[in-house]
Each structure stands twice: as structure tokens, then as C-alpha cells.
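Structure first, then comments.
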Amino acid sequence: MKKTKFIWLFIGLLALDQVTKFLLFQKEINLIGTFLRIESSMNTGVAFGLMQGFNWVWILISLLAIVLVWVLFKKYLLGVVLVEVGIIGNLIDRIFLGFVRDFIGVYIWPNFNIADACNTIGVFILAYYLIKED
């Protein structure tokens, strides 16, 4: 992929994250019974609701992570774009709302959002490339 396609991918996924949070947060919808649902939660912690209540710490860590991910992994653009969307999408929430808007519920898994999904997939892609290099 050319670099401009990665830029558009970044913009599109970040927009998708923010638009879905805006449209679906504070909605309750069962999509497939209780297995897949729209179910809002306010997360002041990190992934899966861990370490709640340290918003300013997560803002600082997020800012540092944005730089480190780019510096350390920029040759793996797909993984970097996904991780950066995850970090920045949730950072926007933390700065402006004081919490992250999670709304996707899958079975007994903690609620998450598009940014979380991008971040998780991006980390797996980066791990794959790093393992493949060895």
C-alpha cells in the first residue's frame, strides 16, 4: 500500500471510531440476543476496564505511546496505523470527556469500541511482523 492509502485508512478508521461513539453511545440494542449488543459503558481505565480512575496518567501514557509506536515500528505501517487509531481515538475521549466511551458488548467480554478493536488487531499485526523478522 502507498503511504497515502495508510493516511486515508487512518482518517477513515478514526472517523468511524468517533462517529460510532457519537451515534451509539447511551443506546441499548440487542443485535443477536445477549451475545452481541450495543451497551454503553464509561471506562476511566484501560482495556477491558482495568485500572480505573487514573485518567490523567492514561493521557500522559497515551501521548508517549503515540510517539514510541511511530518511532519503533514505522516500517510496519498497517500495524502502526491501527494502533495509532486505537490510542488517538480513546485519547480524544479521555481529554474531552474524562472517560472512554465503550459500547460494543460481546457475550461476557467487557465492552469495547472501534478504537479498542483497531488497537488489538494492530498489536497482533506488529507482533506477527516482529516474530517473522526473527
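Some values worked out for this structure:
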{"read-out": "Span from the the range 17-71 Cα centroid across to the the range 108-127 one, whole angstrom", "value": "10 Å"}
{"read-out": "Phi to ³J(HN,Hα) by Karplus 6.51 cos²θ - 1.76 cosθ + 1.60 over the range 35-41, Hz, x for Gly, Pro", "value": "6, 10, 8, 9, 8, 6, 8"}
{"read-out": "Dmax and Rg, reported as Rg then Dmax, of the chain (C-alpha, Å)", "value": "15.2, 46"}
{"read-out": "Sequence-distant residues sharing a close amide H with Ser40 (under 5 Å, placed H)", "value": "Gln26, Lys27"}
{"read-out": "Projected label distance in nm at Trp56 and Tyr107, using a 7 Å step from Cα toward the beta-carbon", "value": "4.0 nm"}
{"read-out": "For the range 74-85, 3J(HN,Hα) per residue [Karplus equation, 6.51 cos²θ - 1.76 cosθ + 1.60, θ = phi - 60°, Hz, x = Gly/Pro]", "value": "4, 6, 10, 4, 4, x, 5, 4, 5, 5, 5, 4"}
{"read-out": "Karplus-derived 3J(HN,Hα), 6.51/-1.76/1.60, for each residue of the range 26-31, Hz, glycine and proline x", "value": "6, 10, 10, 9, 8, 8"}
{"read-out": "Unsatisfied cross-links (Cα-Cα over 19 Å) in the set Lys2/Lys132; Lys5/Lys74; Lys3/Lys75; Lys21/Lys74", "value": "Lys2/Lys132; Lys21/Lys74"}
{"read-out": "Extended-chain gain in nm, criterion 0.36 nm per residue less alpha-carbon gap, Ser41 and Ile7", "value": "9.3 nm"}
{"read-out": "Debye, to nearest 20: dipole size of the range 3-133, +1 on Lys, Arg Cβ, -1 on Asp, Glu Cβ", "value": "360 debye"}
{"read-out": "Lys/Arg +1, Asp/Glu -1 at C-beta; the chain dipole; positive extreme among Leu63, Ile7, Val123", "value": "Ile7"}
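Values quoted throughout were computed directly from the atomic coordinates according to the rules given, and no laboratory measurement underlies them. This is a predicted model, so every value here is computed, not measured. Note that each Cβ is placed from the backbone with ideal geometry, even for glycine, and that neighbours are counted across all protein chains shown.
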